[in-house]
Amino acid sequence: MEETNPELEAFRRQWREEVSAKVGNSKSTESTKAPRKPPPIPRSSTSKTLQEHEDHVEPQAFPGLDEPRRRESVVVESSKSSKEPQSALEHYEKAVERENQGNLGDSLNLYRKAFRMDHKVDQKYKSKHFPPSAFTSKPSNPNPSNASPTIPSSAHHSLDGPPQSLKELIAGFSGLSIEPAPPVIEGTPPPPCPIAELPNEIMVSVLTEVAVLDVASFVRVAQVCKSLAYIVLTEEQIWKRICVGSEFGFGAMHYQWQREVLGGLLNEDPLVFQNDSDSEEPTVPILLPDKEVITETLLDAYSSSWQQMFRNRPRIRFNGCYISTVNYIRPGQASANQVTWNSPVHIVTYYRYLRFFRDGTVISLVSTDEPADVVHHLTKELQDTHREGGALHLPSVVMKNSLRGRWRLSTILDNPEASLKDSEGDLFVETEGANARYMYRMKLALRSAGKGARNNKLVWQGFWNYNLLTDDTGVFTLRNDKAFFFSRVKSYGMGS
């Protein structure tokens with residue numbers, strides 16, 4: 001047998017006693033005391049340890065706060081859902097609730113029921129849930145008189161009364177001058193501005209030349225600065241030159257026939273003969289006054305403003321053409337080889353074109369071709385090229401059906417009972433007919449269409465055919481014909 005070591009045996013016996021004592025103490029402590037909480041995580045632990053610990057920790061619950069509310073909300077919702085709406089307001093509130101939940105079908109039905117019961121239920125809902133007291137009211141006096149003028153408050157930034165009219169606004173630009181451009185770099189002299197140093201007389205002369213070349217460009221000069229806007233809108237000298245001149249004004253208008261129907265010069269002087277059928281006296285020729293005299297006479301009728309006369313007095317425009325788009329439905333015929341329930345219809349579309357020239361002639365054309373394919377060919381040169389069916393291979397072959405004619409505006413002799421101003425506004429057009437025996441006569445009225453445009457519309461007054469051999473007149477019905485509208489064509493320039 002092995003010899004025992006007395007020291008080793010003593011150590012073992014002592015170790016066993018200590019272990020048995022510790023086990024006994026732990027059992028007695030667990031039976032008498034509540035379990036301890038786990039020790040807190042030391043701050044010296046790494047972020048990785050914290051992340052692993054958080055992944056395994058269940059979320060904390062607060063039964064004393066959260067659970068009763070959830071139960072209460074469930075009870076309220078169940079009670080609300082069980083309670084059916086009775087009044088119109090309850091139906092409306094229920095509809096709003098359904099709409100917020102996304103049930104649009106149910107909300108729509110509830111809205112309908114609510115409005116059937118009360119057509120003002122939306123106002124009741126607004127007064128109940130959005131009363132006026134819930135919103136802050138604006139101060140009744142935005143500019144109190146007792147406020148100190150030195151305080152930079154919004155009370156002193158009130159409106160300066162009603163808005164100014166255009167005339168008052170332009171009058172405020174009278175004393176202004178053209179301001180040069182600011183310097184590119186602070187402290188350096190500004191760039192030169194020669195136009196700001198021009199006298200007013202030279203500036204008016206320059207703008208007059210601009211207006212004669214293009215009135216639209218002259219008017220756009222007003223967008224440069226207030227000083228130029230004042231000159232454009234108030235300088236009557238420039239507007240008189242526009243009105244009296246033949247570029248865009250009434251110097252190019254014709255109030256008597258200047259040409260024959262086929263475009264040739266008249267053999268006699270343009271006299272107007274007044275004939276009274278009841279008297280046996282011979283006809284008396286009447287020579288109308290000069291166009292400038294008529295224009296000067298009508299100035300008072302347009303508030304003594306040349307600008308108002310140019311805008312409102314009837315005139316023909318030569319830098320484009322007038323187009324009438326005609327649409328109508330024509331019934332068709334059903335097929336004889338098959339049975340159909342419906343009868344076909346045809347939608348017919350065609351266009352009427354009128355281009356006026358400064359010499360008193362006009363080109364009239366009726367075609368099914370669209371304006372983009374026609375307007376650039378409405379010239380006298382192409383009309384002569386395609387006379388009698390010539391040059392059929394050219395793109396301008398549509399001009400073979402064009403008609404030559406002449407035009408003039410109405411005068412006081414056409415409307416003796418009207419004033420000199422009201423007698424103007426009618427347009428007379430005479431063109432050649434389908435053959436040499438006939439001639440077509442049109443009577444149109446100059447009107448305006450749109451907010452700012454003037455003299456851009458021709459309204460039908462009558463359409464006749466005249467037999468040159470029998471001296472008979474027939475009337476064309478205007479059941480489908482529509483008004484003419486002006487279209488600017490850049491290739492025409494200022495119009496020939």
Selection from segment 110-123 of residues that are part of a helix (DSSP H, G or I) and either more than 38 Å from the chain's Cα centre (by Cα) or on the phi > 0 side of the Ramachandran plot (or both): Leu110, Lys113, Ala114, Arg116, Met117
Residue in segment 276-289 that is farther than 30 Å from Thr368 by Cβ, modelled with pLDDT of 85 or more and either open to solvent by less than 60 Å² (accessible area, probe 1.4 Å) or among the small types (Gly, Ala, Ser) (or both) present: no
Condition broken by Glu430, with the remaining ones in (1) assigned to a loop (DSSP other than H, G, I, E, B); (2) touching a residue at least 24 places away in the same chain (Cβ under 8 Å) satisfied: (1)
Qualifying position, being open to solvent by 20 Å² or more (accessible area, probe 1.4 Å) and without any contact (Cβ under 8 Å) to a residue 60 or more places away in the chain, among Val221, Val232, Val204, Val261: Val221
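Given Ile195, Ile185, Ile170, which one is hydrophobic (A, V, I, L, M, F, W, C) and open to solvent by 90 Å² or more (accessible area, probe 1.4 Å)?
So the residue among Ile195, Ile185, Ile170 that is hydrophobic (A, V, I, L, M, F, W, C) and open to solvent by 90 Å² or more (accessible area, probe 1.4 Å) is Ile185.
When residues of segment 464-479 are filtered for being assigned to a loop (DSSP other than H, G, I, E, B) and either open to solvent by less than 30 Å² (accessible area, probe 1.4 Å) or on the phi > 0 side of the Ramachandran plot (or both), how many remain?
1
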Where Leu413 falls short, out of the listed (1) surrounded by fewer than 17 Cβ atoms within 10 Å (Cβ to Cβ); (2) in contact (Cβ under 8 Å) with a residue 60 or more places away in the chain; (3) not in a loop (DSSP other than H, G, I, E, B): (3)
Asp481 vs. criteria of a type in the set (D, E, K, R) and closer than 19 Å to Arg355 by Cβ: yes
Number of the exception - Val210 against (1) surrounded by 13 or more Cβ atoms within 10 Å (Cβ to Cβ); (2) modelled with pLDDT under 90; (3) under 30 Å from the mean Cα position of the chain (by Cα); (4) not in a loop (DSSP other than H, G, I, E, B): (2)
Where a residue in segment 479-496 is at pLDDT below 95 and its partner, wherever it lies, is acidic (Asp, Glu), with Cβ under 9 Å and at least six apart: Met494/Asp214; Met494/Glu247; Ser496/Asp359
Test set (1) touching a residue at least 60 places away in the same chain (Cβ under 8 Å); (2) not in a loop (DSSP other than H, G, I, E, B) - Gln461 fails condition number: (1)
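The values are calculated or read from the model by the stated rules, or taken from the named source; none is laboratory data. Worth saying up front: this structure is predicted, and the values here are computed from it rather than measured. Here the Cβ is made from the backbone with ideal geometry for all residues, glycine too, and neighbour counts use every protein chain on show. Please note that ligands, DNA and RNA were not included when accessible areas were found on the heavy atoms of the full protein model with its side chains. Shrake-Rupley method; radii C 1.70, N 1.55, O 1.52, S 1.80 Å.
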